[in-house]
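Q: Below you will find the structure I want to go over with you.
The values are calculated or read from the model by the stated rules, or taken from the named source; none is laboratory data. For clarity, every value in this text was computed on a predicted model and none was experimentally measured. We place every Cβ from the backbone using ideal geometry, glycine too, and count neighbours over all the protein chains shown. Protein only, heavy atoms only, side chains kept; ligands, DNA and RNA dropped before computing areas. Shrake-Rupley method; radii C 1.70, N 1.55, O 1.52, S 1.80 Å.
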Amino acid sequence: MKNLLKILIIFLFGTFCKAQQTEVSVLKYEDLEKKIQLEKDKLLIVNFWATTCAPCVKELPHFMEVNHQYAGNPKFKMILVSLDRLVDKERVLKFIKTKNLSAEVVLLDDIKRMNTWIPKFEKNWDGNIPVTLFYKNGEKVYFNDGEMSKEELEKIITENLQ
């Protein structure tokens, strides 16, 4: 029994450590667009946030709970798109670790062209964050401007994940 408990603890520790990123991909808009298109067979949640955005930080635990809940579902994926500055990349990595972010995190280093790419994601997006986009089979099915509760997040996932 003791050995079984040790194995379980080692497994859980290994799973926990493996879940966190040790590096953040730095992307331009076109790279992010390609990344989104590669997930055509999934319900894809793309959340735009920053470490300095209080509502963003407040909603992230809900996103992580939901991401953990659907972690084994091959039809589900979550990407957290940090809009922090490239010079703050180390702060983003530290944030991932301290907040136990298990979803994939990328850093979008394309602020100078934001007036070009923001309307490509959503014509009604005014540039404020947090913003969450939901894609199903490669097509946008829902746009949320502002903070999301866990209940709102779960409702949209339940309606679209099949």
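Q: Could you check which residue among 138, 146, 72 shows the biggest mean-square fluctuation in a GNM of the chain with a 10 Å Cα cutoff?
A: 72
Q: Name the lysines eligible as straight-distance cross-link partners of residue 75: C-alpha to C-alpha under 24 Å, and not fewer than 8 places from it in the same chain.
A: Cross-link targets: 18, 34, 35, 40, 42, 136, 140, 150, 155.
Q: For the chain, report the % of Cα-Cα distances exceeding 22 Å.
A: That tail contains 43 percent of the Cα-Cα pairs.
Q: Next up: Sorted by accessible area (1.4 Å probe), largest first, how do 88, 145 line up?
A: Highest to lowest solvent-accessible surface, that is 145, 88.
Q: So for 29, 70, 142, what's the accessible-area order with a 1.4 Å probe, most first?
A: So, going from the largest accessible area down, we get 142, 70, 29.
Q: Which of the helices in the chain, when you take each full DSSP H run, stretch at least 18 Å along the axis at their Cα atoms and have an average Kyte-Doolittle score of -1.0 or higher? Before the final figure, lay out each step's value.
A: Values: long enough: 2-19 (26 Å, 1.39); 54-69 (24 Å, -0.39).
Counting only whole DSSP H runs, the qualifying helices are 2-19, 54-69.
Q: Next question, about the same structure. Of all beta bridges DSSP finds with both residues in the chain, what is the antiparallel percent, to the nearest 5?
A: Values: 12 of 26 bridges.
Among the beta bridges of the chain, antiparallel pairing accounts for roughly 45 percent.
Q: If you place +1 on the Cβ of every Lys and Arg, -1 on the Cβ of every Asp and Glu, and leave all else neutral, what size is the dipole of the chain about its Cα centre, to the nearest 20 Debye?
A: Numbers: 25 positive and 23 negative charges, 119 e Å.
With only Lys, Arg, Asp and Glu charged at Cβ, the dipole is about 560 debye.
Q: Ok, one more. Please compute the per residue accessible area over the stretch 43-120 with all protein chains in place, 1.4 Å probe, rounded to a whole number of Å².
A: In whole numbers, the stretch 43-120 has 48 Å² accessible per residue.
Q: Can you tell me the Rg and Dmax of the stretch 46-123, counting just the alpha carbons, in angstroms?
A: 13.2, 37
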